[in-house]
Amino acid sequence: MTNYKELGLVNSRELFRKAMEGHYAIPAFNFNNMEQLQAIVSACAETKSPVILQVSKGARNYANQTLLRYMAQGAVEYAKELGVAVPIVLHLDHGDSFELCQSCIEYGFSSVMIDGSHLPYAENIELTKKVVEYAHKYDVTVEGELGVLAGIEDEVQAEHHTYTQPEEVEDFVKNTGVDSLAISIGTSHGANKFKPEQCTRNADGILVPPPLRFDILEEVEKRIPGFPIVLHGSSSVPQDLVATINKYGGALKDAIGIPEEQLRKAASSAVCKINIDSDGRLAMTAAVREVLATKPAEFDPRKYLGPARDCLRELYKHKIINVLGSNDRIQKEC
Ligand code: G3H
Ligand code: 13P
Ligand code: ZN
């Protein structure tokens, strides 16, 4: 058993308290390899932002649980080397079982999500409560979820998409003891969040997706005032990255994300954690495709993964400063 404190990590409790007070959100960036981790840590050190490093079940299998433990510890040390003591949370994204959450906690995670959102309400409560009881013994924080995020690639999932019902949140939080709650207000995972026919066109001919359901968010805030809310599926799908990918041989069609101004608005509310994965994938892919297409004789991975890392770092800095507002929140220099 490795306790996350031995690795120099923190749980999310204090970060969320400060984010709520300061009306900003903590970035939760997914990672599974070294270049992504370097980009996240250097972006956060440069902007003086705390961060949540997220690892999905698939990413954990890809990277290896033991390597991840050392990578997280390395991230803490790397940030110090860059001159800033960045508070770093290592978080399980979309945990789907008690056993997975338990194993992550044993391998040094400081926070876990148990995603019982697809289960009947009573079963979601039962599973989430079980994870909370275990996690809290080790001072690990837990994120639960109510409401199912839409997914437009899979029609069945789209049909079963449900917004969070505000009437349930107070009871859920009280009965499970979770530390934060992910809600469904119109975001979804991936790079195709809306069908073009769901969008309108602005004066410049740009597709504008339907707005997030801020009315639901406000209702939730009224019922559990001061409680940390999480937004999943919060990539904006930058159209310049999509264009670069397609210019250099990619085939992304109808890729549409959440407009950044809506996420900025969410970040200034009770939303304390904003999850971004797809935009990072787009940034890396755009940079790699460009190098491979324009320099076909290149075969040193550093020559395309290096630019991918640079592109990612710039994307993360942009998100931190212009979307989440989590920059300049660290006082401690090393
Ligand atoms: O919410 C899902 C994240 O984007 C992680 O995706 O399961 O493909 O690693 P993944
Ligand atoms: P995106 O696919 O919008 O980046 O969402 C990521 C996410 O919610 C990870 O849990
Ligand atoms: Zn998610």
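Values quoted throughout were computed directly from the atomic coordinates according to the rules given, and no laboratory measurement underlies them. Source: prediction; values computed, not measured. Counting neighbours? That spans all protein chains shown, and the Cβs are built from the backbone with ideal geometry, glycine included.
In the chain, what percentage of the DSSP-assigned beta bridges are antiparallel, given to the nearest 5? It would help to have the intermediate numbers written out before the result.
On the way: 4 of 35 bridges.
Of the beta bridges lying entirely in the chain, close to 10 percent run antiparallel.
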Computed over the stretch 166-230, the Cα gyration tensor eigenvalues, each multiplied by 5 and square-rooted, give semi-axes in Å (largest first) of 31, 12, 9
Taking square-rooted eigenvalues a ≥ b ≥ c of the alpha carbon gyration tensor, is the stretch 185-334 rounded, prolate or oblate, where a/c under 1.5 means rounded and, failing that, a/b exceeding b/c means prolate?
-> oblate
Residue by residue, what Karplus-based ³J(HN,Hα) values in Hz, rounded to whole numbers, does the stretch 80-90 have, using 6.51, -1.76 and 1.60 with θ = phi - 60° and x for Gly and Pro?
-> 4, 4, 7, x, 9, 7, 6, x, 10, 9, 10
Under a GNM of the chain (C-alpha, springs under 10 Å), which listed residue has the highest mean-square fluctuation: His318, His189, His94?
-> His318
Express in whole angstrom the spacing between the alpha-carbon centres of the stretch 69-134 and the stretch 216-253.
-> 21 Å
Dipole of the chain, Cα-centred, from +1 at each Lys and Arg C-beta and -1 at each Asp and Glu C-beta, to the nearest 20 debye?
-> 920 debye
Apply the Karplus parameterisation 6.51 cos²θ - 1.76 cosθ + 1.60, with θ equal to phi minus 60°, to every residue of the stretch 251-267 and state each ³J(HN,Hα) to the nearest whole Hz, in sequence, with x for glycine and proline.
-> 9, 8, 10, 6, 7, 9, x, 8, x, 4, 5, 6, 6, 4, 4, 4, 5
From the C-alpha gyration tensor of the stretch 52-192, pull out the three semi-axes of the equivalent ellipsoid (sqrt of 5λ each), sorted largest to smallest, in whole Å.
-> 28, 19, 14
Suppose every K and R has +1 on its Cβ and every D and E has -1 on its Cβ; what is the size of the dipole of the stretch 76-130 about the Cα centre, in Debye to the nearest 20?
-> 200 debye
With Cα springs under 10 Å, the Gaussian network model of the chain assigns the largest mean-square fluctuation among Pro196, Pro296, Pro210 to Pro296
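Local charge sum around Thr2 (other residues, Cβ-Cβ under 12 Å, Lys/Arg +1, Asp/Glu -1)? Kindly include the intermediate steps, with their values, before the conclusion.
Values: positive: Lys5, Arg69; negative: Glu6, Glu106.
Residues near Thr2 contribute 0 overall.
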Using a Gaussian network model of the chain with C-alpha springs under 10 Å, which one of Arg264, Arg17, Arg201 is most mobile by mean-square fluctuation?
-> Arg201
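Helix-derived [θ] at 222 nm for the chain: sum -39500 (n - 2.57) over DSSP H runs of at least 4, divide by residue count, nearest 500?
-14000 deg cm²/dmol, from helical runs alone.
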Using only alpha carbon positions, build the gyration tensor of the chain, then give the equivalent ellipsoid semi-axes as the square roots of 5 times its eigenvalues, largest first, whole angstrom.
-> 29, 26, 19
The stretch 13-131, dipole about Cα centre (Lys/Arg Cβ +1, Asp/Glu Cβ -1), debye to the nearest 20 = 220 debye
In Hz, Karplus ³J(HN,Hα) per residue of the stretch 291-307 (6.51, -1.76, 1.60; θ = phi - 60°; x = Gly, Pro) = 4, 5, 7, 8, 10, x, 7, 6, 9, 8, x, 5, 6, 10, 6, x, x
